[in-house]
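Take a look at the structure below.
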Amino acid sequence: MSKANVVNFNNVNKKNSINLSDYKTKKMFCPVRSKNEQCYYIPLNEVNDVTHNPARAKGTDEAKVNQIFDSLITAPEGQEEPICLEWNPATAEWDKVFGYNRAWATSKAYKKGYSIQNHPKDRSPGIWAWVFTGSPPERTTLQLRENANKKPSSPATKDEVVVLLAKYIAQGGLSTGAYKKAFTSLDDDAKYKRAKEYMKQTAPFWGGRRFIGVWNKLTQDGKSSVGLSYKTWSKDRLAKYYCAHNKLGIKMEDLDDKLSGSVVEKGTTKYGIYFVTQRAEIGGALPTNVCKKKVKEKVDKIILICALNDATVGSVDGVRKTFVTNATWWNNNIFDVFDEVCWMPQTKKETDAHLFKGEWVGVHTF
């Protein structure tokens, strides 16, 4: 027996090592790695049967599990793709790296009394898997590839991709290997380019034109794992900041469920509150919607709370001026609706000076 067939682990309570030669082997093609892997037939009772895939925020899709279940018990090939497992010395069990649906579908087949064509008949219920022994960032990359690209399982949602990418960055994945500079030392543009290139290689579906949506979601509200010098805001966080610090006494409970476009009465004045995160909104539906709101609901004053997430440290001052110019043009030439813009702190200099004081960078009154 060669040393390559033994994986050693320190565990004072149970096994000190797993002898892979104790398991039956089979070469299987793994789409996630795009190559044949040496796989082992691992008994299901040795696999940690967690009830939730951590890469899937919305939980298990029973329809997908049932689809795989049907394939397992009817396909002449049986289990066509391996899952990936990693030994956990703390529990003396195998943890799933990816392949949650296949594992659950396999367990379901055996519990219902079915056999799977290419599973050994002289062994207890199990599953074909290849063994992962890499680093935490490598593990996250595999999960991202599996969940973002894999068919027939539905690809991960944007939110799920964001969670995995944030985890990869926090693990130092964009600072190791061939990278000469640490991710934290890069400017905002370089961070964007490095993360996008990684996504192109790892999850192409999300690495092209869709990546901007992933990046915006990842960096909203200044996620610490990314550490951008330019803070971006979600509309939900804009609403919370405004309600915590406005001088009109408007609270979160005063806003409607959609937040933006809420109408709030304070004294004899009726306010229309809008939350803006992109410069293009002033040239799109925002002016039209504000006009309708002001006329139909007899709003006295329209207030915009703005964080221009598509600007940069160097361009934000100019982008704000252009935004005000466009709003002023609408007021003067179409319909006088905009009354006030509250600018959120976004550059590091602005956040250092204003954020913890609950202040605006500036307020423009039309």
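The values are calculated or read from the model by the stated rules, or taken from the named source; none is laboratory data. What you see is a predicted model; the values in this text were computed from it and never measured. Cβ sites come from the backbone with ideal geometry, for glycine too, and all protein chains shown count toward neighbours.
The table below gives the values:
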{"read-out": "Test: residue in region 305-312 that is closer than 30 Å to LEU164 by Cβ, more than 23 Å from the chain's Cα centre (by Cα) and not assigned by TED's automatic domain parsing to the domain that holds SER185", "value": "no"}
{"read-out": "Listing of helices (runs of 4 or more DSSP H) fully contained in region 278-366 that carry 1 or more residues being closer than 22 Å to HIS245 by Cβ and out of contact with any helix residue (DSSP H, G or I) (no Cβ under 8 Å at 6 or more places or on another chain)", "value": "316-333, 348-354"}
{"read-out": "Qualifying residue in region 191-204 (condition: in contact (Cβ under 8 Å) with a residue 60 or more places away in the chain, surrounded by 15 or more Cβ atoms within 10 Å (Cβ to Cβ) and at negative phi)", "value": "yes"}
{"read-out": "Cβ pairs under 6 Å, 6+ apart, first in region 22-45 and within 15 Å of THR106 (Cβ to Cβ), second polar (S, T, N, Q) and part of a loop (DSSP other than H, G, I, E, B)", "value": "PRO43/SER124"}
{"read-out": "Region 257-269, subset within 17 Å of LYS247 (Cβ to Cβ) and touching a residue at least 12 places away in the same chain (Cβ under 8 Å), residue surrounded by the fewest Cβ atoms within 10 Å (Cβ to Cβ)", "value": "THR269"}
{"read-out": "Filter result for ALA75 (surrounded by 12 or more Cβ atoms within 10 Å (Cβ to Cβ), among the hydrophobic types (A, V, I, L, M, F, W, C) and at pLDDT below 95)", "value": "yes"}
{"read-out": "Filter result (out of contact with any Lys or Arg (no Cβ under 7 Å at 6 or more places or on another chain) and of a type in the set (S, T, N, Q)) within region 229-248", "value": "THR232, SER234, ASN246"}
{"read-out": "Qualifying residue in region 358-366 (condition: in contact with a strand residue (DSSP E or B) (Cβ under 8 Å, 6 or more places away or on another chain), hydroxyl-bearing (Ser, Thr, Tyr), surrounded by 13 or more Cβ atoms within 10 Å (Cβ to Cβ) and within 18 Å of ILE305 (Cβ to Cβ))", "value": "no"}
{"read-out": "Test: ALA156 is part of a loop (DSSP other than H, G, I, E, B), at pLDDT below 90 and under 19 Å from GLN220 (Cβ atoms)", "value": "yes"}
{"read-out": "Matching residues, region 61-115, being aromatic (Phe, Trp, Tyr) and over 19 Å from THR140 (Cβ atoms)", "value": "PHE69, TRP104, TYR110, TYR114"}
{"read-out": "Hits in region 91-124 - residues which are under 14 Å from GLN79 (Cα atoms) and in contact with a strand residue (DSSP E or B) (Cβ under 7 Å, 6 or more places away or on another chain)", "value": "GLY99, ARG102, ALA103, THR106, HIS119, PRO120"}
{"read-out": "Test: LYS293 is assigned by TED's automatic domain parsing to the domain that holds PHE275, of a type in the set (D, E, K, R), on the phi < 0 side of the Ramachandran plot and touching a residue at least 12 places away in the same chain (Cβ under 8 Å)", "value": "yes"}
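Residue-by-condition table, conditions (1) modelled with pLDDT of 95 or more; (2) surrounded by fewer than 21 Cβ atoms within 10 Å (Cβ to Cβ); (3) under 30 Å from GLY227 (Cα atoms):
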| site | (1), (2), (3) |
| --- | --- |
| ILE302 | yes, no, no |
| ASP310 | no, yes, yes |
| ASP317 | yes, yes, yes |
| THR322 | yes, yes, yes |
| ALA327 | yes, no, no |
| VAL341 | yes, no, yes |
